[in-house]
Amino acid sequence: MTDNEIFAGLKARGQEHVLRYFEELNDAEKREFLSRLSAIDWETVSLARGGEKKEPQAIRPIEGLTAMQIARSRDEFRRAGEKALREGKIGAVLLAGGQGTRFGSDSPKGAFDIGVTRPLYIFECLIRNLREVTDHVGKYVPFFIMTSEKNDAETRSFLRAHDYFGYPASHIRFFVQDMAPAVDFQGKLLLEDRGKLALSPNGNGGWFSSLERSGAAEDFPAVEWLNVFSVDNVLQRIADPYFIGATLLSGMKCGAKVVSKAEPHEKVGVLCLENGLPAVIEYYELSEEMANERNADGELLYRFGVILNYLFDLGKLRSVAKTRIPVHIVKKKIPYLDEKGELVRPEEVNGYKFETLILDMIKLMGSCLPYEVVREREFAPVKNRTGVDSVESARALLAENGVKL
Ligand code: UTP
């Protein structure tokens, strides 16, 4: 795209204001800014004007493997899972590109020290859990780490300085997720600096396209399945042979670890069937009646809460990679440069960010095995500093599971 085409495109879309300081930039800054502008996904930006609201349709409960059923088939699942691991068929993908706004720190969340009497970093908890499996099966799992432009350098140097907590660098690949521009409530692009758009990571649904673009998976051609998980669950079981075995033996294209919801209104996405296909719907999309509906055993019908630990068939992912998933428009406080060229840090939400979510990928897979895990053993998310899903609650759960803090 030529410079003139970029200028004309901005004008046609009523976005010329981003060039307000253009003539003050030096040549290198101009080039960088233009390259950013030429990469804008206008289809997404235009959503700020109308929104992409989709109502969930024809929701039904989904059948899954309960913790009790899993216990009965443990040996069979373990054998199948360990075999796949030994054959190098499994890769692990850590999603660590989030901004952790609720946590309130600009540093990578994984570099947070959750220890009390000794340092114990979140990355360390995760890698230690992964190593339990790889040490046992005698084979390292290719480990892909997604960062964002905001935290990539710090994440890499932190992990390097800690010698990757004992995981071999030969099996680690970093890749950087894409950024999306933020806009004000009128849909106008915001600037963060004179030659810089206000950008933020484009949500965890962008992980697969970013991984593919990086080419990192090609270094490990034996990999057929990817276990994708979040950075903030310090009890996360990664490359769990039981989960892998159960999903592979089920013949489904995807597995999702779930916990039984603690109460009808718990704020977790719920795995269910939508128009006959597995899908995750947000807790606020369940009607009051559905949230409270129970089966003959008194269990909630819609009880499978997802904990962001999925196993995806790589071949299937590749075959649906071009399908667009919904863009979620989120109101946020976005620092921006005002007309006087001064940076404003708003106290209230002032614009929209655009995010895609990994949970919307489940539907594309066509089939999905809900795999119930015991919450107290596998789910200790660190979202906030205190209170629910916090450093405090995660420390208590780590201690309960015998981790020295
Ligand atoms: P969350 O949805 O909790 O988002 O991420 P967040 O950005 O970490 O935290 P808040 O909502 O701003 O407080 C769930 C997982 O998805 C990753 C996070 O790093 C976390 O592992 N994630 C989220 C990304 O990798 N990229 C994103 O753009 C967003």
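The values are calculated or read from the model by the stated rules, or taken from the named source; none is laboratory data. Quantities reported herein were computed from a predicted structural model and do not represent experimental measurements. Using ideal geometry, Cβ is built from the backbone for each residue, glycine included, and neighbour counts are taken over all protein chains shown. Side chains are part of the model used for accessible areas, which takes the heavy atoms of the whole protein and leaves out ligands, DNA and RNA. Shrake-Rupley method; radii C 1.70, N 1.55, O 1.52, S 1.80 Å.
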Summing -39500 (n - 2.57) over every DSSP H run of at least 4 residues in the chain and dividing by its residue count gives a helix-only mean residue ellipticity at 222 nm, to the nearest 500 deg cm²/dmol, of -8000 deg cm²/dmol
The answer for the chain, accessible area per residue at 1.4 Å probe in Å², is 47 Å²
Share of accessible surface on carbon and sulfur in the stretch 162-250, whole %, 1.4 Å probe and ligands ignored, is 49 percent
In whole percent, the fraction of accessible protein surface over the stretch 275-314 that belongs to carbon or sulfur atoms, probe radius 1.4 Å, stands at 46 percent
By the Cα gyration tensor axes a ≥ b ≥ c (a/c under 1.5 gives rounded; else a/b larger than b/c gives prolate, otherwise oblate), the shape of the stretch 260-405 is oblate
Counting only residues 5 or more apart in sequence or on a different chain, those whose built amide H sits under 5 Å from that of Asp178 are Asn202
What one gets for the stretch 123-163 as the Kirkwood radius, inverse of mean 1/r over different Cα pairs in Å, is 11.5 Å
Taking the chain, the whole-percent share of alpha-carbon pairs separated by over 41 angstrom is 17 percent
Quick calc: nm separation of the 7 Å Cα→Cβ label points for Ala39 and Arg345 -> 2.7 nm
The answer for the net charge of residues other than Asn309 whose Cβ lies under 14 angstrom from its Cβ, with Lys and Arg +1 and Asp and Glu -1, is 0
Rg from C-alpha atoms of the stretch 307-388, normalised by the globular rule of thumb 2.2 N^0.38 Å, equals 1.61
Carbon plus sulfur, as percent of the 1.4 Å-probe accessible area of the stretch 339-405, comes to 50 percent
In whole angstrom, the spacing between the Cα centers of the stretch 344-395 and the stretch 1-45 equals 34 Å
For the stretch 129-197, averaging the sequence separation of alpha carbon pairs under 8 Å that lie six or more residues apart and dividing by its residue count, the contact order in percent is 32 percent
Two pseudo-spin positions, 7 Å from Cα along C-beta at Arg20 and at Glu289, lie apart in nanometres by 5.1 nm
With Cα coordinates, the longest principal axis of the chain makes an angle with the long axis of helix 391-400, in degrees rounded to 10, of 20 degrees
Treating only Lys and Arg (+1) and Asp and Glu (-1) as charged, each at its beta carbon, one finds that the chain has a dipole about its Cα centre, in Debye to the nearest 20, of 680 debye
